[in-house]
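*Asks:* Here's a structure for you.
Just so it is clear, none of the values below were taken in a lab; they were calculated from the coordinates. For clarity, every value in this text was computed on a predicted model and none was experimentally measured. Cβ: placed from backbone, ideal geometry, glycine included. Neighbour counts: every protein chain shown.
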Amino acid sequence: MIDDATVDALFAAAAAARAQAYAPYSRFAVGAALVTPEGAIHAGCNVENAAYPVGSCAEAGAISAMVAGGGHRIAAILVLGGGDALCTPCGACRQRLREFAAENATVLVAGPEGVRRSFTLGELLPASFGPDVLDAAGGAR
Ligand code: THU
């Protein structure tokens, strides 16, 4: 579980990043902020591209910021999008999170008004394939 102060800090960081989103094609701005087990917060926004598939998600930006800052584990992430529907991480980002987060990591889905719902990564990506699977194979092919 993450405490209220951390949720507030994640929301503020995600909102600040979302304000910088580059989303001229979808017009759907997203911000994400994650916290490491050490308490460091890293944020990202979506960055689209005229070549549409080249665009990147807010979660990917937050993960890149974490790795560039020396972090390697995600305790929780908050994703902030607009509209009435839940802005849950896309399938590719669920897998990106899996690389650095345990199945019990918290994924908070928020709208501009605040947190809407809380998931675990395992709920969003059940029976997942992660680094531990390769570890268990011991280098076998
Ligand atoms: N997007 C994210 O950045 N994160 C999500 O969790 C869902 C979708 C972005 C990708 C694209 O720039 C825009 O939202 C519309 O799909």
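*Asks:* Going by a ≥ b ≥ c, the root eigenvalues of the Cα gyration tensor, does the stretch 1-94 fall in the rounded group (a/c under 1.5), the prolate group (a/b larger than b/c) or the oblate group?
*Replies:* prolate
*Asks:* Grab the Cα-Cα distance for HIS72 and ASP84, subtract it from 0.36 nm times how many residues apart they are, and report the gain in nm with one decimal.
*Replies:* 1.1 nm
*Asks:* Once phi is turned into ³J(HN,Hα) by the Karplus curve 6.51 cos²θ - 1.76 cosθ + 1.60 with θ = phi - 60°, what whole-Hz value does each residue of the stretch 42-51 show in order, with x for glycine and proline?
*Replies:* Result, rounded to whole Hz: 10, 10, x, 9, 6, 10, 8, 8, 4, 8.
*Asks:* Which FRET efficiency value, to the nearest 0.05, is calculated for ARG116 and VAL47 with the Förster distance at 30 angstrom and r the Cβ-Cβ distance?
*Replies:* 0.80
*Asks:* Please report, in whole Å³, the volume per residue of the convex hull around the C-alpha atoms of the stretch 55-129.
*Replies:* Dividing the Cα hull volume of the stretch 55-129 by its residue count gives 95 Å³.
*Asks:* Something else now. Separation between the ALA102 and MET1 pseudo-spin-labels, each 7 Å from Cα along Cα→Cβ, expressed in nm?
*Replies:* About 1.6 nm, to one decimal.
*Asks:* As an exercise, identify the trypsin sites (Lys or Arg not before Pro) in the stretch 1-103 lying in DSSP coil whose Cβ has no more than 16 other Cβ atoms within 10 Å.
*Replies:* Sites meeting the loop and neighbour criteria: ARG27, ARG73.
*Asks:* For the stretch 1-27 and the stretch 120-141, what is the separation of their C-alpha centers, rounded to whole Å?
*Replies:* 28
*Asks:* Here's another thing I want to ask about it. Apply the Karplus curve 6.51 cos²θ - 1.76 cosθ + 1.60, θ = phi - 60°, to the phi angles in the stretch 101-117 and return the couplings in whole Hz, x for Gly and Pro.
*Replies:* Along the stretch 101-117, the couplings run 10, 7, 4, 8, 4, 8, 10, 9, 10, 10, x, x, 8, x, 5, 9, 7 Hz.
*Asks:* Given the DSSP H assignment, sum -39500 (n - 2.57) over each helix run of at least 4 residues in the chain and divide by its residue total; what's the result at 222 nm in deg cm²/dmol, nearest 500?
*Replies:* -9000 deg cm²/dmol
*Asks:* Using the membrane-span-like helix rule (whole DSSP H runs, Cα extent along the own axis of at least 20 Å, mean Kyte-Doolittle hydropathy at least -0.5), which helices of the chain qualify?
*Replies:* Helix filter hits for the chain: 4-18.
*Asks:* Report the local net charge at ALA60: Lys and Arg +1, Asp and Glu -1, summed over other residues whose C-beta lies under 14 Å from its C-beta.
*Replies:* 0
*Asks:* Please list the non-local residues whose amide H lies under 5 Å from the amide H of THR120, H modeled 1.01 Å from N, same-chain partners needing a gap of 5 or more.
*Replies:* VAL107
*Asks:* Also: Please identify every one of the GluC sites (Glu not before Pro) in the stretch 1-64 that sits in a loop by DSSP and has no more than 13 other beta carbons within 10 Å of its own beta carbon.
*Replies:* GLU38
*Asks:* Moving on to the next point. Could you compute the longest span of the chain free of chymotrypsin sites (Phe, Trp or Tyr not before Pro) located in DSSP loops and having at most 13 other Cβ atoms within 10 Å, not counting the site residues?
*Replies:* Longest gap between qualifying sites, sites excluded: 29-128.
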